[in-house]
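> If you scroll down you'll find the structure; I have some questions about it.
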Amino acid sequence: MNISERMTIPEAILDYHRDSLFASWQALEQQLEQVTDPEIYARLDRVNQILFSAWVQFRRA
C-alpha cells in the first residue's frame, strides 16, 4: 500500500465539508448585511473571505 492509498478521503466526507463551508459562508453573508459597526463588519468580512477561499479550494480538488 502506498501513501496515496492510505490518505484517500471518502468523497462523502469531502462533500459534507464542502457543503458545510458553503452554508457557513452563505449564513455569514446574510448576517453581514445587518452589521452596522465598521470594525465588527471588517472582522466578520475577513472570516467570510477565509470561508469562501476554503470553499473554492475544495471545489478545485
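Taken together, the values in this text are just the output of simple stated rules run on the coordinates, not laboratory data. Model, not experiment: these values are computed from the prediction. Virtual Cβ from ideal backbone geometry, glycine too; neighbours counted across all protein chains shown.
> Read through the labelled values [x] 11.6; [y] 13.2; [z] 15.3 and report the label of the one computed as Kirkwood radius over Cα pairs in Å from the structure.
Given [x] 11.6; [y] 13.2; [z] 15.3, the structure-derived one carries the label [y].
> Moving on to the next point. Once both axes come from the Cα atoms, what is the angle between helix 38-60 and the longest principal axis of the chain, in degrees from 0 to 90, rounded to 10?
The answer is roughly 20 degrees.
> Once label points are set 7 Å from the Cα along Cα→Cβ at both F58 and D15, what is their separation, rounded to one decimal in nm?
Roughly 1.3 nm, to one decimal.
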